[in-house]
1. Might you check whether a residue that is under 18 Å from GLU43 (Cβ atoms) and small (Gly, Ala, Ser) occurs anywhere in the stretch 91-109?
2. Keeping to the stretch 86-114, report how many residues are part of a strand (DSSP E or B) and surrounded by 14 or more Cβ atoms within 10 Å (Cβ to Cβ).
3. If I go through the stretch 64-101 residue by residue, how many of them are within 15 Å of the chain's Cα centre (by Cα) and without any contact (Cβ under 8 Å) to a residue 24 or more places away in the chain?
4. Which condition breaks for PRO14 when tested against (1) surrounded by fewer than 13 Cβ atoms within 10 Å (Cβ to Cβ); (2) in contact with a strand residue (DSSP E or B) (Cβ under 7 Å, 6 or more places away or on another chain); (3) at pLDDT below 95?
5. Looking at the stretch 19-47, which of the residues that are at pLDDT 75 or above, part of a loop (DSSP other than H, G, I, E, B) and not hydrophobic (A, V, I, L, M, F, W, C) is surrounded by the most Cβ atoms within 10 Å (Cβ to Cβ)?
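The values are calculated or read from the model by the stated rules, or taken from the named source; none is laboratory data. A quick note: this is a predicted structure, and the numbers were derived from the prediction, not measured. Here Cβ is always computed from backbone atoms with ideal geometry, including for glycine, and neighbour counts include all displayed protein chains.
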Amino acid sequence: MGRAQAPHGPAPNPTGIYGGSARDAIAEFKHVLYTPLPDASYEVRSFAVDDERQNVAAYGIFRGTHTGEGGPVPPTGQKVEADYIYVMDFDGDRIRHMTKIWNDGISLKQLGWA
């Protein structure tokens, strides 16, 4: 797996789950997400650095409307507004591990996907 700099915007767990590098995984994730939610956006509300533990935490709000094809159901026109937190552990200037914390169940219900 290739190493990637901190991603911009929503990103998957960079473990190469889509195959290839972390950058490939991020590109695929954005395609999968932004096709059914073409107006998807995020707002970073807080950012903290923990030098002792060599990690950063970013809190944000993700928003989008299911108006595009490609979701698990035809477009619902429903909106999602979800809080999320990324915690990124670093090895020097590279992300070694990233964890995303969010309530996916509520997000899927808001979109009419569950």
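1. Checking the stretch 91-109: at least one residue is under 18 Å from GLU43 (Cβ atoms) and small (Gly, Ala, Ser).
2. Restricting attention to the stretch 86-114, the residues satisfying the condition of being part of a strand (DSSP E or B) are 86-91, 94-102.
Checking the rest, the ones that are also surrounded by 14 or more Cβ atoms within 10 Å (Cβ to Cβ) come to 86-90, 95, 98, 100, 102.
Residues that pass the stated criteria total 9.
3. The total comes to 2.
4. Among (1) surrounded by fewer than 13 Cβ atoms within 10 Å (Cβ to Cβ); (2) in contact with a strand residue (DSSP E or B) (Cβ under 7 Å, 6 or more places away or on another chain); (3) at pLDDT below 95, the lone unmet condition for PRO14 is (1).
5. Filtering the stretch 19-47 for residues that are at pLDDT 75 or above, part of a loop (DSSP other than H, G, I, E, B) and not hydrophobic (A, V, I, L, M, F, W, C), the one surrounded by the most Cβ atoms within 10 Å (Cβ to Cβ) comes out as PRO36.
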